[in-house]
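Laboratory data are not the source of any read-out in this text; all were calculated from the coordinates shown. Keep in mind that this is a model prediction, so the values were computed, not measured. Glycine also receives a Cβ, built like all others from the backbone with ideal geometry; neighbour counts cover every protein chain displayed.
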Amino acid sequence: MITVQVDLQERSYPIYIGRGLLKQNSLLAKHIVGSEVMVVTNETVAPLYLDTLLKSLKDYRCAEIILPDGEQHKTLAVLQQIFDDLLKVPFSRHCTVIALGGGVIGDMAGFAAACYQRGVAYIQVPTTLLAQVDSSVGGKTAVNHPLGKNMIGAFYQPRCVLADTDTLDTLDERQLRAGLAEVIKYGLIRDIDFFTWLEEHASEVLAREPSALIHAIERSCRNKAEIVAADERESGVRAILNLGHTFGHAIETGLGYGAWLHGEAVAAGMAMAADLSQRLGWLSATEVGRVLNLLERAGLPRHSPEAIHKARFLELMAVDKKVIDGCLRLVLLRQLGQAVVTDGFDSDLLEATIDKATV
Ligand code: NAD
Ligand code: GLY
């Protein structure tokens with residue numbers, strides 16, 4: 001087992017990465033608060049892993065809530081169901097919420113834990129590649145609003161993250177590829193050696209070769225842990241984790257939540273960010289080619305869907321958490337392995353990028 005620490009003073013916590021961790025009850029026991037545990041999962045993950053997790057929790061008074069599956073259910077209405085169940089039992093303030101599932105479950109269960117009785121303990125048990133490398137780490141929790149993705153939420157750190165890589169065995173190919181988009185992101189924003197490693201080893205990660213998969217997860221988590229430790233609440237450097245996300249969120253919201261996977265939208269968004277970076281003279285054509293080539297080998301989109309026309313795209317991009325006083329800021333690439341957050345681009349360059357991406 002590998003342990004990566006997220007250093008946040010009294011809110012510090014470990015990320016455990018390895019095979020068979022769901023069965024190790026002693027790991028969870030170290031981080032559970034109280035004797036009451038609410039497991040939040042969904043209808044797809046429950047038949048696969050809920051029993052195994054509950055066996056590890058046999059010393060606790062457990063309840064579970066099984067939510068409908070899908071990004072379209074990441075809503076305030078579904079969040080209300082979690083509160084209803086917590087109150088029906090009722091769970092006290094001295095309880096622990098465990099999120100068992102992908103990023104949708106992690107974001108919702110984390111937000112429920114942040115709000116229930118003004119905050120109870122929670123643990124992330126991510127079961128998708130995307131959740132193991134990104135969403136379970138760093139304490140961003142949220143639900144979507146019809147007008148914008150992840151617009152209602154809180155920063156709230158888990159007590160630990162338990163990433164059992166065996167759970168990825170049941171993940172379908174498309175979801176694995178979507179998770180790889182966020183892995184590639186770390187290479188692009190701050191870790192050129194990792195980007196180069198991915199150019200050489202992407203096929204092994206996609207083939208779920210255990211050592212390649214674990215290396216990719218560990219390196220991603222180390223990058224994320226360092227960024228979060230430096231800027232927990234995104235007042236500065238943490239924003240670079242959103243490479244491709246302003247474009248990507250416009251795609252997700254524009255198409256309707258769930259039509260494209262989050263990682264797919266981020267991949268197309270990273271290709272657009274690379275294109276705009278080239279227009280600013282920061283990336284060469286060869287470097288943009290490396291980005292597009294890796295995305296292609298990962299089986300990820302490199303273009304936005306045609307269904308979203310330019311005016312709509314710009315309108316959707318304006319609803320972004322990086323917008324300050326109406327000014328759109330984007331994460332772009334100064335060079336491969338070095339991201340910056342900037343508003344220093346002309347709107348005609350941005351429009352040219354959108355034109356190119358949506359044809
Ligand atoms: P997801 O949670 O929808 O999971 C993808 C699919 O895989 C779902 O159908 C799920 O039921 C299924 N699944 C999960 N684990 C499985 C397993 N082991 N075997 C088989 N099927 C499994 O999607 P995701 O890609 O994990 O997460 C995307 C969400 O994460 C988005 O809502 C995004 O906004 C959010 N996100 C949050 C952060 C953050 O910092 N909080 C970062 C990145 C993404
Ligand atoms: N996924 C972006 C962040 O955690 O900041």
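Descriptive notes on the structure:
- Residues being surrounded by fewer than 23 Cβ atoms within 10 Å (Cβ to Cβ), farther than 28 Å from GLN9 by Cα and touching a residue at least 24 places away in the same chain (Cβ under 8 Å) - total across region 146-167: 3
- Failed condition for GLU234, given (1) within 24 Å of ARG334 (Cβ to Cβ); (2) more than 16 Å from ligand 2 (Cβ to nearest atom): (2)
- Scan of region 57-69 for residues that are away from ligand 1 (no atom under 16 Å from the Cβ) and not in a loop (DSSP other than H, G, I, E, B), ordered by number: ARG61, CYS62, ALA63
- Residue in region 216-233 that is in contact with a strand residue (DSSP E or B) (Cβ under 6 Å, 6 or more places away or on another chain), of a type in the set (Lys, Arg) and over 22 Å from TRP260 (Cα atoms) present: yes
- Meets criteria (farther than 20 Å from VAL6 by Cα, among the hydrophobic types (A, V, I, L, M, F, W, C), touching a residue at least 12 places away in the same chain (Cβ under 8 Å) and touching a Phe, Trp or Tyr at 6+ places or on another chain (Cβ under 7 Å)) for VAL97: no
- Tally of residues being part of a loop (DSSP other than H, G, I, E, B) and free of Cβ contacts under 8 Å to residues at least 24 places away in the same chain across region 297-319: 1
- Every test in (1) away from ligand 2 (no atom under 16 Å from the Cβ); (2) more than 21 Å from LEU21 (Cα to Cα) is passed by ILE214 save one, and that test is (2).
- Residues of region 71-94 that are away from ligand 2 (no atom under 16 Å from the Cβ), in contact (Cβ under 8 Å) with a residue 40 or more places away in the chain and touching a helix residue (DSSP H, G or I) at 6+ places or on another chain (Cβ under 7 Å): VAL78, LEU79, ILE82, LEU86.
- PRO90, sole failed condition from (1) part of a loop (DSSP other than H, G, I, E, B); (2) closer than 18 Å to LEU27 by Cα: (2)
- Criterion (under 20 Å from LYS23 (Cβ atoms) and over 12 Å from the mean Cα position of the chain (by Cα)) met by exactly one of ALA113, ALA109, ALA99, ALA121: ALA99
- Single condition GLY34 does not satisfy, out of (1) under 24 Å from the mean Cα position of the chain (by Cα); (2) touching a residue at least 24 places away in the same chain (Cβ under 8 Å): (1)
- The residue that is surrounded by the fewest Cβ atoms within 10 Å (Cβ to Cβ), counting only those in region 307-359 that are more than 11 Å from GLY254 (Cβ to Cβ) and acidic (Asp, Glu), is ASP325.
- Selection within region 121-178 - assigned to a strand (DSSP E or B) and hydroxyl-bearing (Ser, Thr, Tyr): TYR122, THR141
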